[in-house]
1. Identify all residues within the stretch 74-92 that are surrounded by fewer than 14 Cβ atoms within 10 Å (Cβ to Cβ) and not in a helix (DSSP H, G or I); write none if there are none.
2. So, in the stretch 54-68, how many residues would count as being out of contact with any helix residue (DSSP H, G or I) (no Cβ under 6 Å at 6 or more places or on another chain), under 24 Å from Ile201 (Cβ atoms) and touching a residue at least 12 places away in the same chain (Cβ under 8 Å)?
3. Could you please let me know if Thr248 is within 26 Å of Gln71 (Cβ to Cβ), assigned to a loop (DSSP other than H, G, I, E, B) and hydroxyl-bearing (Ser, Thr, Tyr)?
4. Which of the residues spanning the stretch 139-184 are hydroxyl-bearing (Ser, Thr, Tyr), part of a loop (DSSP other than H, G, I, E, B) and touching a Pro at 6+ places or on another chain (Cβ under 9 Å)?
5. Just one of (1) without any contact (Cβ under 8 Å) to a residue 40 or more places away in the chain; (2) within 11 Å of Phe50 (Cα to Cα); (3) touching a Ser or Thr at 6+ places or on another chain (Cβ under 9 Å) trips up Glu101, so point out which.
6. What are the residues in the stretch 93-127 that are farther than 24 Å from Phe142 by Cα and either part of a loop (DSSP other than H, G, I, E, B) or touching a Phe, Trp or Tyr at 6+ places or on another chain (Cβ under 8 Å) (or both), if any?
7. Among the listed residues Gly260, Gly224, Gly271, which satisfies the condition of being surrounded by 19 or more Cβ atoms within 10 Å (Cβ to Cβ) and of a type in the set (Gly, Ala, Ser)?
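The values are calculated or read from the model by the stated rules, or taken from the named source; none is laboratory data. Keep in mind it's a predicted model, so treat the numbers as computed, not measured. Here the Cβ is made from the backbone with ideal geometry for all residues, glycine too, and neighbour counts use every protein chain on show.
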Amino acid sequence: MAPGHRGVCGVRENVDGKLYFLAYGRAVAASIDPVEKKPLYHFLPGTFTFSIATVGCNFRCGNCQNWQISQFSKSRKATREMIAGSGENLPPKEVVRLAKESGCPSISYTYTEPTIFLEYALDTMKLARKAGLKNIWVSNGFMSPETLELVAPYLDAINIDIKSFDDKFYLENCGARLKPVLENCKEIVKKKIWLEITTLIIPKLSDDKKMLEKIANFIRKELGDFVPWHVSAFSGAISWKLQRLSETPVEKVKEACEIGKKAGLKHVYTGNI
């Protein structure tokens, strides 16, 4: 990355030969959610989780529902000062304090992509662990092995999107690749971090029956039949670039659910219907 340039995430910049994360400690979102909203159905069920995010993402998914913050630094061509001033100043110790005060047993790093605010997330995770709180990631799974090694000792649960089983979809819709996501899912299970998978059923893009069967079979064979699979309906109206597409028919989501069950998965759930 040349001096003065930023990465695809839009929040890391080469400043005089050094790479800086411009949004450290700047929480653009800080909310209390049911843990099931992540979605996690088998980790601390019935509890609430303190959720944070910064701007930025390493994907550019047309279906993104949080694009106002995930694509902030790219779609608006934000200046360094705009990024550094985004959200509110919420240092790691303050995140932990607020989570404890609210009675939440966990902190979730979510809404955008936690790998993008890794330094901020990791510092918070370490303090959270000392305070007796659990750490949750909601991620696209597209991270380096080094990143996973860094966070694994402090990560208790994660929900990862397997958006499709088609590399072309990942390239055209997300600007990424499928294989690293699958490899990270396998490694997360090996590390005994609780994992749940989500797939958004997008009409004409990720609703192919054979493709859904491939995802279900991958989960069962490579991750384990105990790993929950959430199949969710898509809404074009709130997406970044796919407003032209209709909502996912309820029947299609239920079909995906049946595909998972027929593949031998023990826990398959529908969402957004």
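1. Arg76, Lys77, Thr79, Glu88, Asn89
2. The initial filter retains those residues of the stretch 54-68 that are out of contact with any helix residue (DSSP H, G or I) (no Cβ under 6 Å at 6 or more places or on another chain), namely 54, 58, 60, 63, 66-68.
From what is left, the residues that are under 24 Å from Ile201 (Cβ atoms) are 58, 60, 63, 66-68.
Retained after the next criterion (residues that are touching a residue at least 12 places away in the same chain (Cβ under 8 Å)): 58, 60, 63, 66-67.
Total meeting the criteria: 5.
3. Against the criterion (within 26 Å of Gln71 (Cβ to Cβ), assigned to a loop (DSSP other than H, G, I, E, B) and hydroxyl-bearing (Ser, Thr, Tyr)), Thr248 qualifies.
4. Within the stretch 139-184, the first condition is being hydroxyl-bearing (Ser, Thr, Tyr), and the residues that meet it are 139, 144, 147, 154, 164, 170.
When the remaining residues are screened for being part of a loop (DSSP other than H, G, I, E, B), the result is 144, 164.
Passing the criteria: only Ser144.
5. For Glu101, the failing item is (3).
6. The initial filter retains those residues of the stretch 93-127 that are farther than 24 Å from Phe142 by Cα, namely 93-105, 127.
The answer is Val95, Leu98, Ala99, Ser102, Gly103, Cys104, Pro105.
7. Gly260
For every residue, the table says whether it meets (1) at pLDDT 95 or above; (2) in contact with a Leu (Cβ under 7 Å, 6 or more places away or on another chain); (3) crowded, with 20+ Cβ neighbours inside 10 Å; (4) within 28 Å of Gly62 (Cβ to Cβ).
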position	(1), (2), (3), (4)
Gly141	yes, no, yes, yes
Ala152	yes, no, no, no
Ile158	yes, yes, yes, yes
Lys163	yes, yes, yes, yes
